[in-house]
Amino acid sequence: MRTTNGAARHQSKKRVLKDAKGFRGARSKHWRTVITAVMRAERHAFIGRKIKKRDMRSLWITRINIASREQGLSYSRLIAGLSKADIRLDRRQLSELAIHQPDAFVAIVEQAKAALAN
């Protein structure tokens, strides 16, 4: 008796058709169209996850810039001062401090200013 990969193929098609659930028309019914639509959707989803990270970093930088300018220091000078003062906080943490704990952020900015002055 010859063996085929019928069960594996069936499972593979089921998975792809499940991913196409909610697509309109042939994009959820016709096999060739489904494959194309799902591959395209997965590609855009992957790219979208990268863009989301990029957008969040941009938002954090904007928030830090606004908060640091209120203290009389631009964003680039703040980052330079932080590196000179050897303060290792990432932009997400700095942004959270600027929003939720302004006193702590002011203290960090003062340390950065002092490091720049030396």
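Quick rundown of the values:
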read-out: All positions within segment 52-83 that are within 19 Å of Gln101 (Cβ to Cβ), polar (S, T, N, Q) and outside any helix (DSSP H, G or I); value: Gln71
read-out: Number of the condition not met by Ala45 [criteria: (1) at pLDDT 95 or above; (2) surrounded by 11 or more Cβ atoms within 10 Å (Cβ to Cβ); (3) not basic (Lys, Arg)]; value: (2)
read-out: Where Arg32 falls short, out of the listed (1) loosely packed, with under 15 Cβ neighbours inside 10 Å; (2) under 23 Å from the mean Cα position of the chain (by Cα); (3) assigned to a helix (DSSP H, G or I); value: (2)
read-out: Residue match in segment 104-117 (condition: at pLDDT below 95, surrounded by fewer than 11 Cβ atoms within 10 Å (Cβ to Cβ), out of contact with any helix residue (DSSP H, G or I) (no Cβ under 6 Å at 6 or more places or on another chain) and outside any loop (DSSP other than H, G, I, E, B)); value: yes
read-out: Subset of segment 77-92 (residues that are surrounded by 12 or more Cβ atoms within 10 Å (Cβ to Cβ) and charged (D, E, K, R)); value: Arg77, Lys84, Arg91, Arg92
read-out: Complete set of residues in segment 23-79 that are closer than 30 Å to Ala104 by Cα and acidic (Asp, Glu); value: Asp55, Glu70
read-out: Identity of the residue in segment 74-103, touching a helix residue (DSSP H, G or I) at 6+ places or on another chain (Cβ under 6 Å), touching a residue at least 24 places away in the same chain (Cβ under 8 Å) and hydrophobic (A, V, I, L, M, F, W, C), that ends up nearest to Asn118 (Cα to Cα); value: Ala85
read-out: Count of residues meeting criterion [surrounded by 13 or more Cβ atoms within 10 Å (Cβ to Cβ) and within 30 Å of Phe23 (Cα to Cα)] in segment 48-65; value: 1
read-out: Out of Ser74, Ser68, Ser95, sole residue that is polar (S, T, N, Q), surrounded by 11 or more Cβ atoms within 10 Å (Cβ to Cβ), over 30 Å from Lys13 (Cα atoms) and touching a Leu at 6+ places or on another chain (Cβ under 7 Å); value: Ser68
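The values are calculated or read from the model by the stated rules, or taken from the named source; none is laboratory data. All values derive from a computational prediction rather than experimental measurement. Reconstructed Cβ throughout: ideal geometry from the backbone, glycine too, with neighbour counts over all protein chains shown.
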